[in-house]
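Read through the structure below, which is laid out as structure tokens, and then see the notes.
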Amino acid sequence: MHVLIVKTSSMGDVLHSLPALTDAMHAIPGIRFDWVVEENFAQIPGWHPAVDKVLPVAIRRWRKHWFGSQQREERVLFKRALQSREYDVVIDAQGLIKSAALVTRLSKGLKHGQDSRSAREPFASWWYDVRHEVSKQQHAVERTRELFAKSLGYEKPQNQGDYAIAGHFLHHLPADAHHYLVFLHATTRDNKHWPESHWRQLIEQMKPGGLRVKLPWGAEHEHQRALRLAEGFEHVEVLPKLTLEAIAQQLAGARAVVSVDTGLSHLTAALDRPNLTLYGPTDPGLIGGYGQNQQALSAPNHNLAELTADTVAEKLRAVITENTP
């Protein structure tokens, strides 16, 4: 059986879909997947052993110049690649109008998705041949596992979902694996940021433990923040700009990770690395870290400034002790 997955973004949503593939791989021997995903996250699906082909799409970029000649040509090439094979099943796990209309509608195969009461955008269900009710009162990982089980005709397993990507990195760990921490300080919304003063206090408190601290970054303003956080600390390394796969390698080798609410926090969970995620305005219940050794620290009054470095340091020392090789 060959299945097409439509799950284009965001990073967390893409990662949250991986356990559903693992379920299907165990339930249906020989099943293989192609996956339509936003170009920025195109590396992720290929880490899973059941994925054959990744079809990058650039809806986010195309929207900025929809009628540009380059964008039109890219859309023609994408459509050609999308329609190059007939799939046994197409699963739209995105549940949005734009992905349903621009991708799922054009694909070849019996189209499954969430019904109008379950999808994030109810009208997206218009483009599905088979519509499934999926309870919203469960974690995003479990919702996708349920959708796959109903679409492919097997019982959803009761065990915790397995991302099945950690093994991809086992033979490519950094030379200093398990001798450092990673602090994921960057996120998209201002009210999700932990104050820089708190990060520096935590860095100071980690100094006696003998573990280095690595600071990754993506955009230049994140680079500048990392430099400010590292200033004056010999045990802190500001990493160079890395590909997503290279960041995953660094996360896979970390003794532990501290993160704000960001896509890389979900990547840490998918790699089975111990992680403390700091939450302010968002509720971790339905979209928080899912996996082994994932702890959510919610700030008092949903204000991250009120989550002290002392509190985080205490939790982090316990995690480090529990995960000492």
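The values are calculated or read from the model by the stated rules, or taken from the named source; none is laboratory data. It should be emphasised that the depicted structure is a prediction, and the values quoted were computed from it without experimental measurement. Note that we place each Cβ from the backbone using ideal geometry, even for glycine, and neighbour counts take in every protein chain shown. Note: accessible area is taken over every heavy atom of the protein model, side chains too, but ligands, DNA and RNA are not part of it. Shrake-Rupley method; radii C 1.70, N 1.55, O 1.52, S 1.80 Å.
Total residues in the stretch 305-314 satisfying the condition of being open to solvent by 30 Å² or more (accessible area, probe 1.4 Å) and either closer than 25 Å to Tyr163 by Cα or part of a loop (DSSP other than H, G, I, E, B) (or both): the figure is 1. Taken as a whole, the structure places Tyr180 among residues that are among the aromatic types (Phe, Trp, Tyr) and either open to solvent by less than 30 Å² (accessible area, probe 1.4 Å) or within 24 Å of Gln250 (Cα to Cα) (or both). Among residues of the stretch 125-142 being in contact (Cβ under 8 Å) with a residue 60 or more places away in the chain and part of a helix (DSSP H, G or I), the one that is most open to solvent (accessible area, probe 1.4 Å) is Ala140.
If only residues of the stretch 40-68 that are among the aromatic types (Phe, Trp, Tyr) and crowded, with 17+ Cβ neighbours inside 10 Å are counted, the one that is farthest from Pro19 (Cα to Cα) is Trp62.
Residue-wise test of (1) touching a Gly at 6+ places or on another chain (Cβ under 7 Å); (2) surrounded by 23 or more Cβ atoms within 10 Å (Cβ to Cβ).
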| site | (1), (2) |
| --- | --- |
| Ala248 | no, yes |
| Ala254 | no, yes |
| Thr277 | yes, yes |
| Gly288 | no, no |
| Asn303 | yes, no |
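Of the listed requirements (1) of a type in the set (A, V, I, L, M); (2) in contact (Cβ under 8 Å) with a residue 12 or more places away in the chain; (3) over 20 Å from Ser17 (Cα atoms), Val76 misses just one: (2).
Sub-8 Å Cβ pairs linking a first residue in the stretch 262-277 that is farther than 10 Å from Gly289 by Cα and of a type in the set (D, E, K, R) to a second residue that is open to solvent by less than 10 Å² (accessible area, probe 1.4 Å) and not in a strand (DSSP E or B), at least 6 apart or interchain, are Asp272/Tyr163; Arg273/Leu251; Arg273/Ala254, ordered by first then second residue.
If the condition is being touching a Phe, Trp or Tyr at 6+ places or on another chain (Cβ under 7 Å) and farther than 14 Å from Arg75 by Cβ, then the stretch 89-106 contributes Ile91, Asp92, Ile97, Ala100, Thr104. Scanning the stretch 143-177 for residues that are among the basic types (Lys, Arg), in contact (Cβ under 8 Å) with a residue 60 or more places away in the chain and closer than 18 Å to Ala269 by Cβ yields a single hit, Arg145. Where residues in the stretch 103-124 are buried (at least 20 other Cβ atoms within 10 Å of the Cβ) and not in a loop (DSSP other than H, G, I, E, B), which of them is farthest from the chain's Cα centre (by Cα)? Residue satisfying both the conditions and the ranking: Lys111.
Looking across the stretch 177-234, just one residue is hydroxyl-bearing (Ser, Thr, Tyr), under 20 Å from the mean Cα position of the chain (by Cα) and more than 19 Å from Glu306 (Cα to Cα), and that is Thr188.
Taken together, the residues in the stretch 69-94 that are loosely packed, with under 13 Cβ neighbours inside 10 Å and in contact with an Asp or Glu (Cβ under 9 Å, 6 or more places away or on another chain) amount to 0.
When residues in the stretch 148-163 are screened for being touching a His at 6+ places or on another chain (Cβ under 6 Å) and open to solvent by less than 60 Å² (accessible area, probe 1.4 Å), 1 of them pass. Summed over the stretch 183-193, residues that are touching a helix residue (DSSP H, G or I) at 6+ places or on another chain (Cβ under 8 Å) and open to solvent by 10 Å² or more (accessible area, probe 1.4 Å) total 4.
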